[in-house]
Amino acid sequence: TNIELAGKAQKGFMGRLAQNFSKFVSWFAIGGFTASAVRGFRDIFAAVKDVDSAMTSLRKVTDETDKTYSRFLTNASKKAVQLGASVRDIVSATTSFARLGYSIEDSYSLGQLATVYANVGDEVNGVEGATSSIISTLAGFKLGVQDATSVVDKFNNVGNNFAITSGGIGEALKRSASALN
């Protein structure tokens with residue numbers, strides 16, 4: 001009786017099994033949490049590295065002040081959240097347009113538009129594909145920045161009303177815009 005009151009009575013097989021199982025679950029949960037935290041930090045590091053690489057590319061093709069780049073990155077981060085895109089995608093799209101000689105403001109507007117097109121267009125091959133389609137169409141038809149929204153609207157309109165996707169019409173124009181012009 002004294003042993004049982006002290007809680008030192010030997011437990012049966014099922015009692016020991018239940019106790020060991022609860023320990024296992026605790027250790028498993030702690031291990032899972034630790035692995036998730038490590039994976040999260042690794043993903044954050046990779047994302048920062050990707051954004052830094054994209055910003056380096058943008059700096060190579062533009063000549064702006066540090067303040068302008070800082071403001072651009074802040075705006076791109078906010079816009080990425082609004083559009084459900086990555087900051088790297090917006091910076092990369094902006095860089096693609098800046099390579100063609102557009103100002104950073106125009107490039108940023110076009111980069112946002114390419115991101116929207118990638119999100120809403122059917123079968124668009126990511127932001128890079130959207131950027132490429134917009135660039136080719138604008139250049140092929142000698143259109144300006146002010147016409148870019150109309151181009152994307154037309155891609156989506158054709159994709160919604162005819163037997164071709166938005167991505168398909170963008171890809172077709174990318175390949176043939178100069179000849180069609």
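Quick one: Karplus J couplings for region 151-162, per residue in order, coefficients 6.51, -1.76, 1.60, θ = phi - 60°, nearest Hz, x for Gly and Pro?
Each residue of region 151-162 in turn: 4, 5, 4, 5, 4, 5, 4, 5, x, 7, 10, 10 Hz.
If R0 is 35 Å, what FRET efficiency do you get for A46 and R99 from their C-beta distance, rounded to 0.05? Let's see the in-between values first.
Numbers: r = 25 Å, r/R0 = 0.70.
That gives a FRET efficiency of 0.90.
How large is the convex hull of the Cα atoms of the chain per residue, expressed in Å³ as a whole number? Working shown, then result.
On the way: hull volume 35.2 nm³, N = 181.
Cα convex hull per residue, to the nearest whole number: 195 Å³.
Could you tell me how far the Cα centroid of region 115-141 sits from the Cα centroid of region 38-58, in Å?
Spelled out, the Cα-based centre of one part sits 24 Å from the other.
Under a plain spin-label model, where a point goes 7 Å from the Cα along Cα-to-Cβ, how far apart in nm are R175 and E128?
Going by the 7 Å Cα→Cβ label model, 1.9 nm.
Explain nothing, just compute: Karplus ³J(HN,Hα) = 6.51 cos²θ - 1.76 cosθ + 1.60, θ = phi - 60°, for every residue of region 90-107 in order, whole Hz, x for Gly and Pro.
Karplus values, whole Hz, x for Gly and Pro: 5, 5, 5, 5, 4, 4, 4, 6, 5, 4, 7, x, 5, 5, 5, 5, 5, 4.
If you plug each phi of region 21-33 into the Karplus form 6.51 cos²θ - 1.76 cosθ + 1.60 with θ = phi - 60°, what whole-Hz ³J(HN,Hα) values come out, in order, with x for Gly and Pro?
In residue order, the calculated couplings are 5, 5, 5, 4, 4, 4, 5, 5, 5, 5, x, x, 4 Hz.
Sorted by average packing, counted as other Cβ atoms within 10 angstrom per residue and highest first, what order do 164-170, 93-99 take? Write out the running numbers ahead of the final one.
Values: 164-170: 21.4, 93-99: 24.4.
Highest to lowest by the protection proxy: 93-99, 164-170.
Considering only protein heavy atoms and a probe of 1.4 Å, how much of the accessible area of region 16-153 is carbon and sulfur, as a whole percent?
Working: 4770 of 8180 Å².
Roughly 58 percent of what the probe reaches on region 16-153 is carbon or sulfur.
The values are calculated or read from the model by the stated rules, or taken from the named source; none is laboratory data. Keep in mind that what you see is a predicted model, and the values were worked out from it rather than measured. Using ideal geometry, Cβ is built from the backbone for each residue, glycine included, and neighbour counts are taken over all protein chains shown. Each accessible area value is taken on the protein alone, full model and side chains, heavy atoms only, with ligands, DNA and RNA left out. Shrake-Rupley method; radii C 1.70, N 1.55, O 1.52, S 1.80 Å.
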